[in-house]
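To start, the structure itself, in structure tokens.
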Amino acid sequence: LFADQLASADLVILNKADLISPEDLARVRLEVAEELPPAVKVIEASSGRLPLDVLIGLGAGSEEHIDSRHSHHDHHHEGEDGHHDEHDHDAFDSISIELPQADESLLLDALTQLVVQHGILRVKGFAAIPNKPMRLLIQGVGTRFDKHFDRQWGADEARTTRLVLIGQELDATLLEAQLRAALSV
């Protein structure tokens, strides 16, 4: 591990923790901790398996200091002709859709159909499910969806479904209309 990379990390993952003894794992944790600022979290993983909230950063608070973080967008890339190259991912559309409460299976079936028909790459958000006191958190990559109830609805919070669809050349009006039609069955 490189000290400068560790110093700028928010999280360090010790993978394959199941393949070493508890004593060796404790020693590795101590060695890594010596290089880290106190705010950096260290977690263990086995076979590369991590909870979804860790992978997508839910509750990490990274948005609180996003302006101070560097990304590849901070560096200009020049092509052979001396002009700045465009990134392919800059062409992605991200649309937000707000819907009323929805039956869980109808919603997931409708989202799967939209992904297939329109080449949607990612789906994320939460759904209000009738007669459920908690929000249903939804994360989708292609036609694979992960879902779980993440928290209680707030007393003053509108029980609506809010989704973000990410893809290329997405027609927000058409996608929302298709979702609403599928959910009104």
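Every read-out reported here was derived from the displayed coordinates using simple, explicitly stated rules and does not represent laboratory data. Quick caveat: nothing in here was measured; it's all calculated off a predicted structure. So basically every Cβ, Gly included, is an ideal-geometry build from the backbone, and we count neighbours across all protein chains shown.
A few points about this structure:
- Relative contact order (percent, whole number), region 92-183, Cα cutoff 8 Å, 6+ residue spacing: 42
- Most positive-pole-ward Cα, Thr173, Ala110, Phe149, against dipole of region 92-183 from beta carbon charges: Phe149
- Using equal-weight Cα scatterers in the Debye expression, the normalised intensity of region 92-183 in log10 at q = 0.21, 0.26 Å⁻¹ is -0.99, -1.45.
- If R0 is 45 Å, the Cβ-Cβ spacing of Leu25 and Ser94 corresponds to a FRET efficiency of close to 0.65.
- Qualifying lysines (Cα of each under 19 Å from Cα of Lys16; at least 8 residues distant if same chain): Lys41
- Residue-span extension gain [Arg180 to Glu35] - 0.36 nm each, minus C-alpha spacing: 47.0 nm
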